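Written below as structure tokens is the structure these notes are about.
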Amino acid sequence: MRDEISVLCTQHSKLFNMSYQLLDGKKISGQILAEITEEVKSIKQKGGKQPHLAAILVGADPASETYVVSKVRHCEKVGFNSTLVRYNADVTEAELLKKIQELNENKDIDGYIVQLPLPKHISERKIIEAVSPQKDVDGFHPLNVGRLTLNLPTYISATPYGIIEILKRYNIPTEGKNCVVLGRSNIVGSPVSILMARNGNPGNATVTLCHSKTKNLKEITKQADILIVAIGKPEFVTADMVKEGAVVVDVGIHRFTDSSKKSGYRLTGDVKFDEVAPKCSFITPVPGGVGLMTIAALMKNTLLACKGEIYK
Ligand code: GUN
């Protein structure tokens, strides 16, 4: 009887709103952080080394400040040691490179990040390339990006890691599925397209990577069994772009002032949630989706660095 109902619902999905399930980033990141906390406890009990993450923050950009403070706070929560190195926005590139050299040589620090963006007078490329690949827990160094492409052990950067892990923990089938990625950034779109296509689980999807020069975008997104949106445009994806039953992952996060909210603002993603969600089988909310997974990913990479599991 249940099967008959579900067949009827599938046949008439255009008439009935399909019920969707949220991909709950809060729940999954909480699970990952709890697993890390347990492992750190066990390492310490056995007399092993406490993982140590360092972060460099340049300038006083409020968003960067919030992110870095949250990263450091999470270190305490999972039992890591942490070091925050702050510089004024006028720090020279040479000074920053000197600090990076110091962190590369400091045996107690397992991994570190340089929060981006950096002020215009500093070359992000030079800074990223100066970080020791062994300590590059952001996974931004070209060697780690290359290892990702070759399906070798590497530090997977936080957002792609978060997307892959949430799909994995919800047992979303990816093999043989059409996956469409919107956005080709170095940090999200490009690496997640590689991860979804590679021979693994999640993976083995047929991936189409769309960008600003893509033609007939709607025709392509409507083919997606899995749609990953990292385009950086608020509420860009509308219901007419999405197939019934699709899995939608929204990486965007945009803040708008809203006097009706207690906080004075509301957050929205790259997907018009209210109209898209009823068409989906699964969808990530904003907030509470991919964003929360990124901190868990950084903690996971720091633990891997401490255990020396990527570069043996
Ligand atoms: N700026 C925005 N996202 C990130 C991130 O994941 N790592 C660093 N270092 N900077 C960022």
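Brief remarks follow.
- Failed item in (1) within 16 Å of the ligand (Cβ to nearest atom); (2) closer than 30 Å to Gln134 by Cα; (3) open to solvent by 10 Å² or more (accessible area, probe 1.4 Å), with Leu298 passing the rest: (3)
- Among the residues of the stretch 65-82, those that are more than 15 Å from the ligand (Cβ to nearest atom) and closer than 20 Å to Lys307 by Cα comprise Glu76, Lys77, Val78, Gly79, Phe80, Asn81.
- Residue within the stretch 159-181 that is within 16 Å of the ligand (Cβ to nearest atom), closer than 17 Å to Val248 by Cα and not in a helix (DSSP H, G or I) present: no
- On the stretch given as the stretch 193-233, residues that are free of Cβ contacts under 8 Å to residues at least 24 places away in the same chain and acidic (Asp, Glu) total 1.
- Qualifying residue in the stretch 177-185 (condition: of a type in the set (Gly, Ala, Ser), over 20 Å from Ala305 (Cβ atoms) and modelled with pLDDT of 95 or more): yes
- The combined condition, being closer than 20 Å to Val91 by Cβ, open to solvent by less than 40 Å² (accessible area, probe 1.4 Å) and within 13 Å of the ligand (Cβ to nearest atom), is fulfilled by Ala54.
- Test: residue in the stretch 268-278 that is within 16 Å of the ligand (Cβ to nearest atom) and under 15 Å from Ser70 (Cβ atoms): no
- Of all residues in the stretch 161-171, exactly one satisfies the criterion of being open to solvent by 10 Å² or more (accessible area, probe 1.4 Å) and among the aliphatic types (A, V, I, L, M), namely Ile164.
- Candidate set: the stretch 119-136, residues that are open to solvent by less than 20 Å² (accessible area, probe 1.4 Å) and more than 20 Å from the chain's Cα centre (by Cα); chosen: the one farthest from the ligand (Cβ to nearest atom): Ile122
- Count - residues of the stretch 97-118 that are surrounded by 17 or more Cβ atoms within 10 Å (Cβ to Cβ), away from the ligand (no atom under 13 Å from the Cβ) and over 13 Å from Leu53 (Cα atoms): 1
- Scope the stretch 182-234; condition assigned to a helix (DSSP H, G or I), open to solvent by 10 Å² or more (accessible area, probe 1.4 Å) and more than 16 Å from the ligand (Cβ to nearest atom); matching residues: Ser193, Ile194, Ala197, Leu217, Lys218, Glu219, Ile220
- Enumeration of residues in the stretch 38-69 that are closer than 27 Å to Lys99 by Cβ and aliphatic (A, V, I, L, M): Val40, Leu53, Ala54, Ala55, Ile56, Leu57, Val58, Ala60, Ala63, Val68, Val69
- Contact map, the stretch 72-96: residues that are of a type in the set (Phe, Trp, Tyr) paired with residues that are surrounded by 13 or more Cβ atoms within 10 Å (Cβ to Cβ), Cβ distance under 6 Å, separation 6+ or inter-chain. Pairs shown: Phe80/Pro51; Phe80/Leu53; Tyr87/Val58.
The values are calculated or read from the model by the stated rules, or taken from the named source; none is laboratory data. Note that the coordinates shown come from a computational prediction; the quantities given were computed from them, not determined experimentally. Every residue, glycine among them, receives a Cβ derived from its backbone with ideal geometry; neighbour counts consider all protein chains shown. These area figures cover heavy atoms from the full protein model, side chains too; ligands, DNA and RNA do not enter into them. Shrake-Rupley method; radii C 1.70, N 1.55, O 1.52, S 1.80 Å.
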